[in-house]
Amino acid sequence: MKRGPENLGGQPRANGCSFSKHGAGGGLKNGYVRGSAGADTHSQIHRIVHNGGLYKRPFNEAFEETPMLVAVLTYVGYGVLTLFGYLRDFLRYWKIEKCHHATDREEQLDFVPLYQDFENFYTRNLYMRIRDSWNRPICSVPGARVDMMERVSHDYNWTFKYTGKVIKDVINMGSYNYLGYTQNTGPFSEAASKVLSQYGVGVCSTRQEMGNLDKHEELETLVARFLGVESAMAYGMGFATNSMNIPALVGKGCLILSDELNHASLVLGARLSGATIRIFKHNNMQSLEKLLKDAIVYGQPRTHRPWKKILIVVEGVYSMEGSIVRLPEVIALKKKYKSYLYLDEAHSIGALGPSGRGVVDYFGLNPEDVDVMMGTFTKSFGAAGGYIGGKKELIDYLRVHSHSAVYATSLSPPVVEQIIASIKCIMGEDGTTIGKQRIQQLSENTRYFRRRLKEMGFIIYGNEDSPIIPLMLYMPAKIGAFGREMLKRHIAVVVVGFPATPIIESRARFCLSAAHTKEILDIALKELDEVGDLLQIKYSRHRLVPLLDRPFDETTYEETED
Amino acid sequence: MAASMGQQWVLVEMVQAFYEAPTYHLILEGILILWIIRLLFSKTYKLQERSDLTPKEKEELIEEWQPEPLVPPVSKDHPALNYNVVSGPPSHKITVNGKECINFASFNFLGLLDNERVKNAAQASLSKYGVGTCGPRGFYGTFDVHLELEERLAKFMRTEEAIIYSYGFATIASAIPAYSKRGDIVFVDEAACFAIQKGLQASRSNIKFFKHNDMADLERLLKEQEIEDQKNPRKARVTRRFIVVEGLYVNTGDVCHLPELVKLKYKYKVRIFLEESLSFGVLGEHGRGVTEHFGIKMDDIDLISANMENSLASIGGFCCGRSFVIDHQRLSGQGYCFSASLPPLLAAAAIEALNIMEENPGIFHVLQQKCKKMHTALKGIPGLRVIGQSLSPALHLQLEESTGTRDSDMRLLKEIVDYCMNRGIALTQARYLDKEEKYLPLPSIRVVVTVEQTDLELDKAASLIREAAESVLN
Ligand SMILES: Cc1ncc(COP(=O)(O)O)c(C=O)c1O
Ligand SMILES: Cc1ncc(COP(=O)(O)O)c(C=O)c1O
């Protein structure tokens, strides 16, 4: 569906309004047609004004619609690839084409096959063609520039050989190094090095048994102070922070309302919790409100018993869309409907807000309005792990009931020290203004890079302040071509396609960093300009329709229950 | 991202079901689909419409609804709330709550946690790569160190391929659902650890528990399934079966009966997944784990998983096996694909730890001797029962007689732990989530033996525990 730019604050407008004037796409997104939702305009205008007042700053988020011709060509592309896939599978079956993939042991051929053949069709026939764009090994700090190991394939990407050569100083637009804290010199790694000499790397026990080090407590106090919450707890892995703590918070008889684009770890945590899960349209407050209202009015399915509690799960910045959560509206809804809010700040902590405190800081909101502040240390802090912050009761409860605290090894001490040092730097407690400067630099880089890409005519998704910048490629053939062409020009980019994105919305993704200098960005932009012409991916027709048109279908109602 | 991946695979399964359905089914379904399309276009179709409520009534319902608090309050003196605080490294000599102790609680079996060589390797890596990787393996988070560690682990375990995860818990918990899907059947030991339980839950497969280490009970379940399969051969042809066991059970200190399991595997055509977090670097002449201990061929086990947080004293975990099996996780292991990769310095530490293990195979024998010694010394303490085999470096001490409630049992054991801790021996109770465990183990003190503990210290610990038991239990 066409997603127009939205401008809240300056010229207040709500999302999801449907002064429905369907564009050329004719309601086409992700391959299926949705009905138009052009119903009661009146109440929506009301909402617009209301919501506009919630924002203290302009909220510019644009999703240019997919040009019709591109959409059609993309489908045709997939069609051709699929046909070829079948043809090649046929040839492989008759042993005309050489079969590269591994097979089960002779002794186990009469077992039920480990994989369904269909599962592998996509991997074998589509992914394999462009596999060289992923898992590229690097051999240096993942800073603004990075050294990569050269590899070649002589069998169409089925296997890779390392030539032993190193591709030096590739511009790194792929790592989540938002504030540039991944460094191998300077105060951060020196601090980590000192702790490493003293503590070693492992812990060999869990927090509840013998793995609660003084370093962990120091970190947690600091994180709580940084976030502006009463208390915090840190865990060894961001993914597991979600998947092992959500089940401690909700269970049977509870309802989780989850954004459709939530990260796999949030989805897994929600599933493991046993709660009922309903999905709302990405960042669509109308959809969320409808689910909230229905949930309270109708209660649980069949029994109509009231829900025990409702947990809204959203992310700060969405890593594939570059969008920023409409937090002021989410908080207003959560208060109105007495539900709880779980905010995953994996990509926003450090990267957003005037003092780097994430999306809450960005909108100038009160951290107390978010019940569960979750985030990871993997990105802005250049370390590993995750945290949850919130009220003291919440954290006390997690200290007792979190799956991580009881069953998983605690954080490695040198990693903890890296986090402590980088948070202190962001807060200015190291006595320098480096932290402030980096936040400033990142935000300038983001605006600059986005503006330039737009001017060149690329279709760029997301919020103007999001350091994640998706550049739309659409066609499957362009994924591999773009990745290779950019590497040839010594620029490392991330490209993603199905199943990480909707099937026609393949894209490249840039992650900006405070470590990028203007000079580096200009080199990257120059090359991008050329590659854009070469591959003809400057799709934008600059039709930023001023109306918002993200209708959602009233009858769409997804529910997962296990 | 990729939240929709789950749904995509459901789609795949649907297509697959489509292939297998009989013709009349397809015709019937075709008619149904046409009917649904008609319904959709006839515009009379409304889901969830209950127009018997006026907007005002709805408002009232919303007004009235009172949710439960996000979390119930936790009492200030909850036994699990107030953690021990370790100042300084959690190594052989450990400072717990300000008291210096000998460590009998951390899984640092080979004493590699404060090994200078390991630390130096990590330092070298730190000064080359920094700390974090800032990306998942797919997106520039693959470092040469990761490739080296995977290769080394594969070689050490004598398998084709290994894959590393950045978190021990996530390893088996991601590996199981990568293979076992809805409708598949998993036979699993009742004493399986929590990570296995979570992996099984994520897989949504059919789970059948057999009694702990009871091969007859497992065979009974397998036979039942065989009969079931004969009734429905079409379904049986696509239902994958797995046995999931631990090499050395962390909850009981027992070794699995691997030779019998392998026989059952071929007899009933079930694949075996083996979780070796406790046995890797402990059992076998070269520390390769329970396969080496029993002299079983690696190829007979479909997948071995272990963490690098015990013997290797680093962080993370790995799976190994044939490429046919392992490679699949690189696109389907959730904790692998959707999480940042292991910090290089931790990978470098694990490589150095492997070097040390390869250079000193004698170390495993030493550990075994100490385990035996401790096992013998702890036997026969009045009021306490030793759980676990004598070759296990983690033993459980349970109360011989329960006092009636779990809470009061825990309190008694805590007194014993505190008694020892005050006198220089650091112990811990085994911690579980009472409401989450499928089969909650009895309360116990877990005593961990490491190669660094001298005979003198072992004796001291054993006699102190005896003393504590006598003073607390009488
Ligand atoms: C929203 C979100 N949550 C959690 C994670 C997982 O964090 P980690 O890489 O630390 O495991 C990610 C990482 O990609 C993420 O994007
Ligand atoms: C090849 C590959 N690697 C890794 C990922 C993980 O992405 P993320 O950075 O959001 O965790 C994906 C996403 O689907 C992928 O396709």
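The values are calculated or read from the model by the stated rules, or taken from the named source; none is laboratory data. From a predicted model like this one, the values you see are computed outputs, not experimental measurements. Please note: Cβ atoms are built from the backbone with ideal geometry, for glycine as well, and neighbour counts cover all protein chains shown. Ligands, DNA and RNA are excluded from the accessible area calculation, which covers all protein heavy atoms including side chains. Shrake-Rupley method; radii C 1.70, N 1.55, O 1.52, S 1.80 Å.
What are the residues in region A:444-467 that are buried (at least 17 other Cβ atoms within 10 Å of the Cβ) and without any contact (Cβ under 8 Å) to a residue 24 or more places away in the chain, if any?
Result: A:Arg450, single match.
Just the residues that are buried (at least 19 other Cβ atoms within 10 Å of the Cβ), more than 16 Å from ligand 2 (Cβ to nearest atom) and among the small types (Gly, Ala, Ser), please, taken from region A:129-168.
If the condition is that a residue be buried (at least 19 other Cβ atoms within 10 Å of the Cβ), more than 16 Å from ligand 2 (Cβ to nearest atom) and among the small types (Gly, Ala, Ser), then A:Ser140, A:Gly143, A:Ala144 are the ones that fit.
When you look at A:Gly164, is it assigned to a strand (DSSP E or B), over 27 Å from the mean Cα position of the chain (by Cα) and without any contact (Cβ under 8 Å) to a residue 40 or more places away in the chain, yes or no?
yes
For a quick check of your reading: which helices (runs of 4 or more DSSP H) sit entirely within region A:234-325 and have at least 3 residues that are surrounded by fewer than 24 Cβ atoms within 10 Å (Cβ to Cβ)?
Because the criterion is at least 3 residues that are surrounded by fewer than 24 Cβ atoms within 10 Å (Cβ to Cβ), the helices (runs of 4 or more DSSP H) in region A:234-325 that meet it are A:264-273, A:285-298.
Every residue in region A:480-516 that is within 10 Å of ligand 2 (Cβ to nearest atom) and under 18 Å from A:Leu81 (Cα atoms), please.
Result: A:Val496, A:Gly497, A:Phe498, A:Pro499, A:Thr501.
Please state which one of B:Glu352, B:Glu358 is within 14 Å of chain A (Cβ to nearest Cβ) and acidic (Asp, Glu).
B:Glu352
Among the residues of region A:394-415, is any over 23 Å from A:Ser319 (Cβ atoms) and more than 14 Å from chain B (Cβ to nearest Cβ)?
No, the conditions are met nowhere in region A:394-415.
Is it the case, given these coordinates, that B:Ser75 is within 7 Å of chain A (Cβ to nearest Cβ) and not aromatic (Phe, Trp, Tyr)?
No, not satisfied.
Does A:Leu87 meet the test of being of a type outside the set (Asp, Glu), in contact (Cβ under 8 Å) with a residue 40 or more places away in the chain and open to solvent by 50 Å² or more (accessible area, probe 1.4 Å)?
Answer is no for this residue.
Tell me, yes or no, whether region B:256-267 has at least one residue that is facing chain A (nearest Cβ under 9 Å), open to solvent by 10 Å² or more (accessible area, probe 1.4 Å), aromatic (Phe, Trp, Tyr) and within 16 Å of ligand 2 (Cβ to nearest atom).
The answer is no, given that none of the residues of region B:256-267 is facing chain A (nearest Cβ under 9 Å), open to solvent by 10 Å² or more (accessible area, probe 1.4 Å), aromatic (Phe, Trp, Tyr) and within 16 Å of ligand 2 (Cβ to nearest atom).
In region B:442-456, which residue that is of a type outside the set (Val, Ile, Thr) and surrounded by fewer than 19 Cβ atoms within 10 Å (Cβ to Cβ) is nearest to B:His78 (Cα to Cα)?
That would be B:Leu442.
Pick from region A:169-181 the residues that are more than 16 Å from ligand 2 (Cβ to nearest atom) and not acidic (Asp, Glu): which of them is nearest to the other protein chains (Cβ to nearest Cβ)?
By that ranking, first place goes to A:Tyr181.
Quick test of your reading of the structure: A:Gln208 fulfils all but one of (1) within 13 Å of chain B (Cβ to nearest Cβ); (2) in a helix (DSSP H, G or I). Name the failing condition by number.
Only one criterion is unmet by A:Gln208, namely (2).
In this structure, does B:Ser305 turn out to be more than 8 Å from chain A (Cβ to nearest Cβ) and closer than 30 Å to A:Ser319 by Cβ?
yes
Need a quick list: helices (runs of 4 or more DSSP H) entirely within region B:316-429 having at least 3 residues that are within 16 Å of ligand 2 (Cβ to nearest atom).
B:329-332, B:334-337
Kindly indicate whether any position in region A:301-314 is at pLDDT below 95 and under 18 Å from the mean Cα position of the chain (by Cα).
No.
Tell me, yes or no, whether region A:364-373 has at least one residue that is away from ligand 2 (no atom under 16 Å from the Cβ), in contact with a helix residue (DSSP H, G or I) (Cβ under 8 Å, 6 or more places away or on another chain), more than 22 Å from A:His216 (Cα to Cα) and open to solvent by less than 10 Å² (accessible area, probe 1.4 Å).
Yes: one or more hits.
Checking the structure you have, find out if any residue of region A:311-325 is within 8 Å of another protein chain (Cβ to nearest Cβ), without any contact (Cβ under 8 Å) to a residue 24 or more places away in the chain and within 16 Å of ligand 1 (Cβ to nearest atom).
no
Quick check on region B:289-309: of everything there that is open to solvent by less than 30 Å² (accessible area, probe 1.4 Å) and not aliphatic (A, V, I, L, M), which residue is nearest to B:Phe169 (Cα to Cα)?
Going through the qualifying residues, I end up with B:Asn307.
Given the criteria under 22 Å from the mean Cα position of the chain (by Cα), crowded, with 23+ Cβ neighbours inside 10 Å and at pLDDT 95 or above, does B:Glu246 qualify?
Spelling it out, B:Glu246 is indeed under 22 Å from the mean Cα position of the chain (by Cα), crowded, with 23+ Cβ neighbours inside 10 Å and at pLDDT 95 or above.
Considering region A:98-121 alone, what residues qualify as being among the charged types (D, E, K, R) and more than 7 Å from chain B (Cβ to nearest Cβ)?
Passing the criteria: A:Lys98, A:Glu106, A:Glu107, A:Asp117.
Within region A:342-382, how many residues turn out to be more than 18 Å from the chain's Cα centre (by Cα) and within 12 Å of ligand 1 (Cβ to nearest atom)?
Here the count works out to 0.
Quick check on my filter: what residues within region B:268-302 are among the basic types (Lys, Arg) and within 14 Å of chain A (Cβ to nearest Cβ)?
Of everything in region B:268-302, those that are among the basic types (Lys, Arg) and within 14 Å of chain A (Cβ to nearest Cβ) turn out to be B:Lys269, B:Arg271, B:Lys297.
Please go through (1) away from chain A (no Cβ under 11 Å); (2) open to solvent by 30 Å² or more (accessible area, probe 1.4 Å); (3) more than 19 Å from B:Ser305 (Cα to Cα) for B:Val238 and return the number of the only condition it doesn't satisfy.
(1)
Any idea which of (1) more than 16 Å from ligand 1 (Cβ to nearest atom); (2) within 7 Å of chain A (Cβ to nearest Cβ); (3) buried (at least 24 other Cβ atoms within 10 Å of the Cβ); (4) among the hydrophobic types (A, V, I, L, M, F, W, C) is the one B:Leu110 doesn't satisfy?
(2)
Pick out the one residue from B:Val145, B:Val131 that is in a helix (DSSP H, G or I), away from ligand 2 (no atom under 16 Å from the Cβ) and in contact with a helix residue (DSSP H, G or I) (Cβ under 6 Å, 6 or more places away or on another chain).
When all the criteria are applied, what remains is B:Val145.
Return only the number of the condition from (1) at pLDDT 90 or above; (2) assigned to a loop (DSSP other than H, G, I, E, B) that A:Ala102 does not satisfy.
Against the list (1) at pLDDT 90 or above; (2) assigned to a loop (DSSP other than H, G, I, E, B), A:Ala102 comes up short only on (1).
Select from region B:54-86 the residues that are crowded, with 16+ Cβ neighbours inside 10 Å and farther than 27 Å from A:Lys338 by Cα and write down the one among them that is nearest to the chain's Cα centre (by Cα).
The qualifying residue nearest to the chain's Cα centre (by Cα) is B:Ala80.
Just checking, which of A:Asn184, A:Asn157 is touching a residue at least 24 places away in the same chain (Cβ under 8 Å), assigned to a loop (DSSP other than H, G, I, E, B) and at the interface with chain B (Cβ under 10 Å from one of its Cβ atoms)?
A:Asn184
Criterion first (of a type in the set (A, V, I, L, M, F, W, C), within 16 Å of ligand 1 (Cβ to nearest atom), open to solvent by 10 Å² or more (accessible area, probe 1.4 Å) and more than 7 Å from chain A (Cβ to nearest Cβ)) does B:Ala124 satisfy it?
The answer is no for B:Ala124.
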